[in-house]
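Step one of this worksheet: look at the structure below.
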Amino acid sequence: MEMEQFYYDNKIVKKFIYATILFGVVGMLVGLTLAVMYLFPNMTDGISWLSYGRLRPLHTNAVIFAFVGNAFFAGMYYSLQRLLKARMFSDFLSNLHFWGWQLIIVAAAITLPLGYTSSKEYAELEWPIDIAIALIWVVMGINMIGTMLRRRERHLYVAIWFYLATFVTVAVLHIFNNIEIPVSGLKSYSVYAGVQDALVQWWYGHNAVAFFLTTPFLGLMYYFVPKIANRPVYSYRLSIIHFWSLIFIYIWAGPHHLLYSALPNWAQNLGVAFSVMLIAPSWGGMINGLLTLRGAWDKVREEPVLKFFVVAITGYGMATFEGPMLSLKNVNAIAHYTDWIVAHVHVGALAWNGFMSFGIIYWLIPRMTKSELFSKKLANFHFWIGTLGIIVYTIPLYVAGFQQASMWKQFNPDGTLTYGNFLETVTAIMPMYWMRAIGGTLYLVGMLTLVYNIVMTIKAGNPVEDELAQAPALQTIKSGRLSGEKFHSWLERKPIQLTILATIAILIGGIIQIVPTIMVKSNIPTISSVKPYTPLELEGRDLYIREGCVGCHSQSIRPFRSEVVRYNGPQSKAGEFVYDHPFLWGSKRTGPDLLRVGGKYNDNWHFNHMWNPQSTSAGSIMPGYKWLFDNKPMDISLTQKKMQAMISLGVPYSPEDVTNAQKTLREQAVKIEKSLESDPDFVKSYEDSRKKAEAKGEKFIPMNEREIVALIAYIQRLGTDIKVKETK
């Protein structure tokens, strides 16, 4: 049989590895900064782009899409070529993918701290960047499938199935979740409202974890673990069951993020049922990974790379057992909105994604530079300090989660809340936040150790060059099934058919859950007393989104006595959110729920609270938002465009509402300013600031034209519509 010579493209792998390391350091450093902000909330006082609310989405995006994403691309480009015995379909597409993805990351790093965000978790980037992501993702898919079509290996190995499912599903999720109406170059509104937006977002959010953080890394596991251990996969049949059951079931599980919310019960129950089913395929994959190492435990003891893999796969097993348990309603009632969820997420991110990435990097760099790893001792040090960091990070947060849930729900014999002040629960868990910061520091030290070890390895090795290989050309065979060939064996040599079947498998759950909620209006009943936001309140809501307030405050009251009492009840209703583009239910309560906070405090309280939270709430870990008070006018140039966009989404503004928007806005703002004047301290500081501006020759901007007034207007509106109806 004639052999063909060709070259594997190692240079693209090198580029993605270097990007992985760079953004890993950046993402983890931002994460550690956020952990320290819990301890010192005013450490960046007055610097808007370094505030907690703006840095949190930067951290999640940097870790998920920059660190983990680049690690997947590096492993995929390396393994795909060798599994298919072919160079990538197009060097141009490979490099377009690399540079396009890095430019997207840079765009995120610029826009998120500046406050340009859609507020949707793991999908915060604004519409131009969303379009760029879709285009670059398609570039990757064309390159991947093109390589399969010109392969020299007949059968597609299991790792490739997971790569294909990742490509197809992430594309579907990203496109449908990010359908938006642009208002300006960096401002848009989700086409979905309230409950519908929540369902689509968590269909995306949960499956972004499933198909960006899980399935691609399962593909990497199926390639690198057997390769490095020099052992066959434990069970090929189990890998088939694992793949198809996982991609079919996972897509249904998103609603478990919305239990006890205003989402229809049938959708919640579907999410619970399929989440529990997920244990089987998830643990099937874990078992397949760990048992592949049977007979190789001596090698595991010697090789730090395999140690990373063992902890990674174990972390995957822990996270995928805990996830279905958290979807049970009685467990979710305790864990949701607490730091338990933060611990759960980081077990997956730090152990599964982080340690898999580290192991792959430690193995690939010496082979591509034709050298030995600079120091196995340093790699072992990284393993142990990283493992310790995970333990020290997560265990205190589990404790914090249990303590939060317990304190939130306790009542005195007279029926009052034992811990009626939310701050009591915050101050009680501060020791756990100190431990989290220490654990994060240990993990970051391990990452920096990797940087040093890899840099020294590269220095001692040869430049990364394309690798010469040879393989026989793929012989043409008939497209039908061969005599005695089983269906799946036939499917494994048909990339197009495999892709189509995987697409059908992931679409079924999404269609059944989402279409009825979006298309059947009766599923989301309206409430006559719920009205659209005024122009000033709409601007204030956009400021709330810009500052990332949803990262710490929920707007969803569950049907528990403790929440109805604490948050001025009643339970959230679907009709309350029909004008909310996007929804702002949140997923974590670092501060109290705000759904019904309107009217609870006067305007002066909110004014002082936003300037210095500790002045109104001793012990608060909320930072101040002093830039909202700056002597500059609020930008209302887009107010009418925003209202017109809302009209196109079904919000019942009249033409007169749009025409008179700025006049209406000013009138409401002046009323708030007059209410602020009831506080002598406000009057004095206001006059002092006027005199200072005049002394500097600056134009003095009245308080009613500043951003803080719009934010107060929005907060004071929250929950008042439903209260109006109930007092009739």
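The values are calculated or read from the model by the stated rules, or taken from the named source; none is laboratory data. Predicted model, so just to flag it, every value in this text is computed and none were measured. In this analysis, Cβ positions are derived from the backbone assuming ideal geometry, glycine residues included, and neighbour counts consider all displayed protein chains. Side chains are part of the model used for accessible areas, which takes the heavy atoms of the whole protein and leaves out ligands, DNA and RNA. Shrake-Rupley method; radii C 1.70, N 1.55, O 1.52, S 1.80 Å.
Taking each DSSP H run with n ≥ 4 as -39500 (n - 2.57) and averaging over every residue of the chain yields -20000 deg cm²/dmol at 222 nm.
Kirkwood-type hydrodynamic radius, segment 544-601: 11.8 Å, calculated from all non-identical alpha-carbon pairs.
Compute for segment 286-378: radius of gyration divided by Kirkwood radius, i.e. Rg/Rh, restricted to C-alpha atoms, rounded to two decimals. Rg divided by Rh gives 1.11. In terms of overall dimensions, the C-alpha atoms belonging to segment 380-530 reach 81, 62, 33 Å along their principal axes, ordered largest to smallest. Candidates 439, 711, 458 compared by Cα position along the dipole of the chain: farthest toward the positive end lies 458, with charges placed on Cβ. The Cα atoms of segment 460-618 define a convex hull whose projected area, averaged across directions, is 22.5 nm². Per the Debye formula with a single identical scatterer at each Cα and no solvent contribution, what log10 I(q)/I(0) holds for segment 157-218 at q = 0.17, 0.20, 0.30 Å⁻¹? Each listed q maps to, in turn, -0.64, -0.77, -1.15.
Taking amide H positions as modeled 1.01 Å from N, with prolines and chain starts lacking one, the residues under 5 Å from residue 292 and 5 or more places away or on another chain are 234. If you model segment 221-332 as an ellipsoid using its alpha carbon gyration tensor, with each semi-axis the square root of five times an eigenvalue, the axes come out at 33, 14, 9 Å, biggest first.
If you wrap a convex hull around the C-alpha atoms of segment 288-335 and split its volume per residue, what is the figure in Å³?
Details: hull volume 3.4 nm³, N = 48.
Taking the convex hull of the Cα positions in segment 288-335, it is 72 Å³ per residue.
Note on residue 184: accessible area is roughly 40 Å² with a 1.4 Å probe, heavy atoms of protein only. Given a 1.4 Å probe and the protein chains as shown, residue 197 ends up with an accessible area of around 0 Å².
In this structure segment 309-427 gives 37 Å² per residue of accessible area when probed at 1.4 Å with all protein chains present.
Loop sites here are GluC sites (Glu not before Pro) outside DSSP states H, G, I, E and B with no more than 14 other Cβ atoms within 10 Å. The longest part of the chain free of them is 3-371.
A viscosity of 0.890 mPa s and a temperature of 25 °C, combined with the Kirkwood radius over C-alpha pairs in the Stokes-Einstein formula, give segment 493-579 a diffusion coefficient of 144 µm²/s.
In this structure the amide hydrogen of residue 417, modeled in the peptide plane, comes within under 5 Å of the amide hydrogens of 412, none closer than 5 places in sequence on its chain. Using bins of 10 Å that start at zero, the share of Cα-Cα pairs per bin across segment 634-712 amounts to 16, 38, 28, 14, 4, in whole %. Pairs exceeding 27 Å between alpha-carbon atoms, taken from 187/588; 588/641; 11/494; 85/494; 626/684: 588/641; 11/494.
Helices assigned as whole DSSP H runs in the chain whose Cα atoms extend at least 24 Å along their own long axis and whose mean Kyte-Doolittle hydropathy is -1.0 or higher are found at 10-39, 91-111, 127-149, 158-177, 194-212, 304-327, 376-409, 430-460, 495-519.
Grouping the Cα pair distances of segment 426-484 into 10 Å bins from zero gives a pair-distance distribution of 15, 17, 16, 14, 15, 16, 7, 0 percent in increasing distance order. Rounded to the nearest angstrom and listed largest first, the equivalent-ellipsoid semi-axes of segment 29-83 from its Cα gyration tensor are 35, 9, 6. Under the shape rule built on the C-alpha gyration tensor, where the axes satisfy a ≥ b ≥ c, segment 381-426 is prolate, since a/c reaches at least 1.5 and a/b is greater than b/c. Suppose all protein chains stay in the model; what accessible area per residue would a 1.4 Å probe give for segment 6-141, in Å²? Value for segment 6-141: 32 Å² per residue.
Hydrodynamic radius of segment 7-124 by the Kirkwood approach over all distinct alpha-carbon pairs: 15.5 Å. Convex hull volume of the Cα atoms of segment 323-439, normalised per residue: 105 Å³.
When the solvent-accessible area of the chain is split by element, carbon and sulfur atoms take up 64 percent of it, the probe being 1.4 Å. Normalised by residue count, the chain yields a Cα convex hull volume of 175 Å³ per residue. If I histogram all Cα-Cα distances within segment 593-692 using bins 10 Å wide from 0, what percent of pairs lands in each bin? Computed distribution, short to long bins: 12, 33, 34, 19, 3. Positive-end ranking of 505, 538, 572 along the dipole of the chain, with charges on Cβ about the Cα centre, is headed by 505. Applying the Karplus relation 6.51 cos²θ - 1.76 cosθ + 1.60 with θ = phi - 60° to segment 650-659 yields 3J(HN,Hα) values of x, 6, x, 7, 8, x, 5, 4, 6, 4 Hz, where x marks Gly and Pro. Comparing 393, 363, 604 along the charge dipole axis of the chain, the residue lying farthest to the positive side is 363, per the Cβ-charge model.
Across q = 0.25, 0.27 Å⁻¹, segment 582-650 modelled as identical point scatterers on its alpha-carbon atoms has Debye log10 I(q)/I(0) values of -1.14, -1.16, in the order of the q list.
Heavy-atom accessible area for residue 362, with the other protein chains in place and a 1.4 Å probe, reaches approximately 10 Å². Note: relative contact order over the chain, using C-alpha pairs below 8 Å and six or more positions apart, is 17 percent. Assuming charge only on the beta carbon of Lys and Arg (+1) and of Asp and Glu (-1), the dipole of the chain about its Cα centre is about 1560 debye to the nearest 20.
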